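Colleague: Quick one: the structure is below, questions incoming.
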Amino acid sequence: MNEEKRRRKPFKRILRFFSAGMLLVLILFPLMTIAPKVFGIQSYVIISGSMEPSIPTGSLVYVRSTNTEIIQEGDIITFYSNRNSSLPTTHRVVENKASEKEIITKGDANEKEDILPVRYADVLGKVVFFLPYLGKLLLLLSTVQGKIVYVMLFGFTMMMNYRNN
């Protein structure tokens with residue numbers, strides 16, 4: 001009997017480590033979108049490849065509102081590309097025309113500049129950092145199926161941690 005318990009101990013340690021790690025990830029992941037808001041930072045998911053390879057499709061970009069007049073060439077900004085669009089676009093600044101209150105942008109993967117300049121009023125802010133591919137997971141969690149899987153994983157890891165203690 002003692003021999004069997006000794007053989008199960010490493011497995012229990014691995015299981016305990018795995019379930020504790022999963023629980024930590026499941027708790028921290030939602031905080032990645034909530035916590036930045038305290039500092040005035042919004043997060044958006046990149047859904048097209050126009051900024052590749054600089055920012056891969058599916059990345060989670062963090063954007064801070066900024067004074068549009070100090071935005072410089074080379075900065076990456078997030079903006080509404082037209083008044084009727086509810087989906088923001090994230091592109092690199094080619095030129096800031098302060099006198100006209102417009103910014104010329106271009107996606108890194110695009111050959112030409114964007115057709116329409118971005119009005120200052122349509123700028124959401126400047127990208128301060130991004131996390132590659134995490135936006136895909138966030139989009140998954142925004143579906144009913146994703147929420148069900150999240151709750152099931154959370155419950156399973158809670159149960160595993162409770163049983164292992």
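The values are calculated or read from the model by the stated rules, or taken from the named source; none is laboratory data. A quick note: this is a predicted structure, and the numbers were derived from the prediction, not measured. Don't worry about glycine lacking a Cβ; one is built from the backbone with ideal geometry, like all the others, and counts go over all protein chains shown. The accessibility values were calculated without ligands, DNA or RNA, using every heavy atom of the protein model including side chains. Shrake-Rupley method; radii C 1.70, N 1.55, O 1.52, S 1.80 Å.
Colleague: Seen from all sides and averaged, what is the projected area of the convex hull of the Cα atoms in the chain, in nm²?
Modeller: 13.0 nm²
Colleague: For region 75-142, what D do you get in µm² per second when you plug the Kirkwood radius from alpha-carbon pairs into Stokes-Einstein at 10 °C and 1.306 mPa s?
Modeller: 122 µm²/s
Colleague: Return one number: the angle in degrees, 0 to 90 and rounded to the nearest 10, between the long axis of the Cα atoms of helix 144-164 and the longest principal axis of the Cα atoms of the chain.
Modeller: 40 degrees
Colleague: Work out the length of the dipole vector of region 21-165 about its Cα centre, built from +1 on the beta-carbon of each Lys and Arg and -1 on the beta-carbon of each Asp and Glu, and round it to the nearest 20 debye.
Modeller: For this selection, approximately 680 debye.
Colleague: If you don't mind, another one. Send over a whole-number figure in Å² for the accessible area per residue of region 1-135, probe 1.4 Å.
Modeller: Using a 1.4 Å probe on heavy atoms only, each residue of region 1-135 averages 65 Å².
Colleague: Where a Cα-Cα gap under 18 Å defines reach, which aspartates and glutamates qualify for Lys136, not counting those fewer than 8 residues away within the same chain?
Modeller: Cα-Cα hits under 18 Å: Glu52.
Colleague: Carbon and sulfur atoms: what percent of the 1.4 Å accessible area of region 8-74 do they account for?
Modeller: 66 percent
Colleague: If you fit an axis through the alpha-carbon atoms of helix 2-38 and take the longest principal axis of the Cα set of the chain, what angle between them do you get, 0 to 90°, nearest 10?
Modeller: Rounded to the nearest ten degrees, it is 20.
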